[in-house]
Amino acid sequence: MASNNNLKTIIEWIKNPKNKIISKFMFLFTLGLLLLSLGKFLTASDNLQSNSEYLKSSDIIEQNMAQENISYEDKLERQLTELLRQVKGVGDVSVMITLEDETLIEPAFNTVNTEKTSEEKDNEGGVRTIIEKQTNQQVVLLRRNGEEEAVVLKKTAPKIKGVLIVADGASSSNIREKIMKSTATLLDIPIYKISVLEK
C-alpha cells in the first residue's frame, strides 16, 4: 500500500512539478541514459556483424585455397598423363605429382590509415608531441549470384616437389629419357625431381 502511494506521488510530481528546472534536468538525464544504452546496443550489434563478415570472408578464402590446390594438382596430373600417352612407345601411364606448398592467394584489402598528432605544453615550457596511428583493414568482397567471394589480387601456383611416373614403356632407357626430359620441360623442374618406373 505504501508503494502505491509512492508511485502515485511520483506520477503526480511528473505531471505537475513544483520545481520545473529539476524536472527538466531529470528528463534530460533520463533521455541521455536511454540514448547511451541504445548507442551501446547498436555498436555491439555492428561489431558482431562485422566480425561475422570477417569470419565468413576468411572461410571463403580458405575454401577457395583448398579447392584451387586440389584442382591444380589433379589438373597437372591429368594433362601430363594425356600428353605422355601420346608419345610413341610409352603405353599406359600413371602420374603422381606432389607439391611443396599450397596455392598462395593474396586478397584485396580496403585499408584505412588514420594519424592524429597532438601537442601538449606543460607549465615549465616543455612541449610533448603525441602521434597516434591507426590502421583498419577489411577484405574486399564481391557479390556474385547471392554469394560473397574475396577479390583476389594475386595467385601464386605451388612449387612442384616431385613427380612419379609409372609407364608400360619405361623398360627402355630411350623411352625413359624421353619421359623425363619432356616432363622436366613441361613442368619447368630439374630432372632429379622426376622418377620414372616400369609398370
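Return the residue satisfying two criteria in turn: it lies in the range 140-164 and is more than 20 Å from ALA108 (Cα to Cα) and aliphatic (A, V, I, L, M), and of such residues it is modelled with the lowest pLDDT.
ILE160
Between residues in the range 71-96 that are within 20 Å of SER171 (Cβ to Cβ) and residues that are exposed (fewer than 15 other Cβ atoms within 10 Å of the Cβ) and basic (Lys, Arg), which pairs lie under 8 Å by C-beta distance while being six or more apart or on different chains?
What qualifies is GLY91/ARG85; GLY91/LYS199; ASP92/ARG85; ASP92/LYS199; VAL93/ARG85; SER94/LYS199.
Limited to the range 119-139, what total is found for residues that are among the polar types (S, T, N, Q), more than 12 Å from PHE109 (Cα to Cα) and modelled with pLDDT of 85 or more?
The total comes to 1.
Six or more apart or on different chains, Cβ under 6 Å: which pairs go from a residue in the range 176-188 that's at negative phi to one that's modelled with pLDDT of 90 or more and part of a helix (DSSP H, G or I)? Could you list them?
MET180/ILE191; ALA184/ILE191
The values are calculated or read from the model by the stated rules, or taken from the named source; none is laboratory data. Worth saying up front: this structure is predicted, and the values here are computed from it rather than measured. Cβ coordinates were reconstructed from backbone atoms using ideal geometry, including for glycine residues, and neighbour counts include every protein chain displayed.
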